[in-house]
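J.: Supplied in structure tokens, the structure appears directly below.
The values are calculated or read from the model by the stated rules, or taken from the named source; none is laboratory data. In this text, all values refer to a predicted model and were calculated from it rather than measured experimentally. Please note: Cβ atoms are built from the backbone with ideal geometry, for glycine as well, and neighbour counts cover all protein chains shown.
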Amino acid sequence: MPDKKNIIFCITGAGQFLEDACKFIKKLSEQGKYEITIAFSSAGYEVLCMYGLEKIKNYAGSVILEKDQGKSAPFCGRLSKKDYDFVVVAPATANTVSKIACGIADTLVTNIVAQAGKTNTPVFILPTDAEKFQETEIPASIDNKKCESCEYLKNCPCVEVCPNNAIFLTEKKKLRINLMLCNACRKCIFACNYGAVSFGKIVEIQCRDLDIENAGKLEKIEGITVIENLEEIKIS
């Protein structure tokens, strides 16, 4: 049996393309031909949890968290040994893209990309901010206008049912969700009789021209291929 291809899949802190990235990792893993290392930026892991997608870790041979890598990101030394066949960054936030475009390597993911360039390891990047107008799904949110009719607001069932105490009532009698505590269990959605809580709501965003320009700059960097969707990655 031929040796497995070794892949580093970097995930940064964006909801855009996040579910697509998880599905792609799962598909590669199930093919049995790839050894996948998932590297999370600090924000990347936080956002993963907000969307309830932590189980993607089960499809990785190893998981690298930025918080465990300090300032020097020693994991990147493995690229120097040419242990990996290629690198994927998806989703790549505007912040990460701008740093890569300017040659800055001061985070786990930007260090991985920089080190890949030094070892001729191909890099595929899926930027979140490549087009002016885009649609994206947001994590759990509350429409407080729908809460105005709720007679149970002081003892809101959404608050009571949350296992992580992520939902709270402000002094101004507005319900809020602390997304740092939310694990997307969706129990609050089923507890609310007024449809005030939603998950995966689609919103339109307008990307900054600066961020779109930076995404375009990536195409000029040797060894980097900018993609519009993950299916563009052709793996032999």
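J.: Taking the criterion of being among the β-branched types (Val, Ile, Thr) and in a strand (DSSP E or B), would at least one residue in the range 38-46 satisfy it?
T.: yes
J.: Kindly indicate which of VAL123, VAL159, VAL109 is closer than 25 Å to SER80 by Cβ, out of contact with any Cys (no Cβ under 7 Å at 6 or more places or on another chain) and surrounded by 14 or more Cβ atoms within 10 Å (Cβ to Cβ).
T.: Working: VAL159 fails: closer than 25 Å to SER80 by Cβ; VAL109 fails: out of contact with any Cys (no Cβ under 7 Å at 6 or more places or on another chain).
Within the list VAL123, VAL159, VAL109, the selection yields VAL123.
J.: OK, next. Considering only the range 206-227, state which residues are assigned to a loop (DSSP other than H, G, I, E, B) and either surrounded by 11 or more Cβ atoms within 10 Å (Cβ to Cβ) or among the β-branched types (Val, Ile, Thr) (or both).
T.: CYS207, ARG208, ILE221, GLY223, ILE227
J.: Condition check: polar (S, T, N, Q), out of contact with any strand residue (DSSP E or B) (no Cβ under 6 Å at 6 or more places or on another chain) and crowded, with 21+ Cβ neighbours inside 10 Å. Does SER72 satisfy that?
T.: In short, no.
J.: How about the range 14-39: which of its residues are closer than 25 Å to VAL203 by Cα, crowded, with 21+ Cβ neighbours inside 10 Å and among the small types (Gly, Ala, Ser)?
T.: Residues satisfying the conditions are ALA14, ALA21.
J.: Let me ask another. State the number of residues belonging to the range 106-142 that are aliphatic (A, V, I, L, M) and either over 15 Å from the mean Cα position of the chain (by Cα) or under 30 Å from LYS187 (Cβ atoms) (or both).
T.: 9
J.: Only one of (1) closer than 30 Å to PHE199 by Cα; (2) not aliphatic (A, V, I, L, M); (3) not assigned by TED's automatic domain parsing to the domain that holds LYS173 is not met by ASP83, so which one is it?
T.: Unmet for ASP83, out of (1) closer than 30 Å to PHE199 by Cα; (2) not aliphatic (A, V, I, L, M); (3) not assigned by TED's automatic domain parsing to the domain that holds LYS173: (1).
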